[in-house]
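The values are calculated or read from the model by the stated rules, or taken from the named source; none is laboratory data. Worth saying up front: this structure is predicted, and the values here are computed from it rather than measured. Cβ coordinates were reconstructed from backbone atoms using ideal geometry, including for glycine residues, and neighbour counts include every protein chain displayed.
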Amino acid sequence: MEILANLPYIIITRSIENNIQFQREEEHEITLSSQRVCTSFDSFLLDEVLDISYRFFSKDMGFLYLHTTKGMHAYAVKISPQPFIEKFKSIK
């Protein structure tokens, strides 16, 4: 299965220790192949993905939304997902 495009996304984990809040970011990757879209935790066949959209809420971060037959899934991104979305739409 050849990877056609990939996009890094982050998962932010917050914890409180001794009344101090800590924030940890883990970087993961969404990959697009000719058959599916895969994240670190989910995998969707291309037929299950209805649309992909995104919205930036600051200059540094936004959300990529996968609209699927299993519901909508949001992923925090720090770079523009436009090339990833264009590649998806070209094969869909």
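Some notes on this structure:
- Residue check, ILE10 in contact (Cβ under 8 Å) with a residue 12 or more places away in the chain, assigned to a strand (DSSP E or B) and in contact with a Lys or Arg (Cβ under 7 Å, 6 or more places away or on another chain): yes
- Residues being under 15 Å from the mean Cα position of the chain (by Cα) and over 22 Å from GLN82 (Cβ atoms) - total across region 26-39: 1
- Yes/no for SER34 being in contact with a helix residue (DSSP H, G or I) (Cβ under 9 Å, 6 or more places away or on another chain), at pLDDT 95 or above and loosely packed, with under 15 Cβ neighbours inside 10 Å: no
- Some residue of region 53-67 being touching a His at 6+ places or on another chain (Cβ under 8 Å) and not hydroxyl-bearing (Ser, Thr, Tyr): yes
- Hits in region 57-92 (condition: surrounded by 15 or more Cβ atoms within 10 Å (Cβ to Cβ) and without any contact (Cβ under 8 Å) to a residue 40 or more places away in the chain): GLY62, PHE63, TYR65, LEU66, THR68, HIS73, ILE85
- Some residue of region 8-27 being surrounded by 12 or more Cβ atoms within 10 Å (Cβ to Cβ), at pLDDT 95 or above and out of contact with any His (no Cβ under 9 Å at 6 or more places or on another chain): no
- Leading residue by the ranking (farthest from THR13 (Cα to Cα)) among those in region 34-86 that are outside any strand (DSSP E or B) and of a type in the set (Asp, Glu): ASP47
- Residue in region 71-86 that is in contact with a helix residue (DSSP H, G or I) (Cβ under 9 Å, 6 or more places away or on another chain) and at pLDDT below 95 present: no
- Unique residue being of a type in the set (A, V, I, L, M, F, W, C) and under 13 Å from the mean Cα position of the chain (by Cα) when the list is ILE10, ILE3, ILE20, ILE16: ILE10
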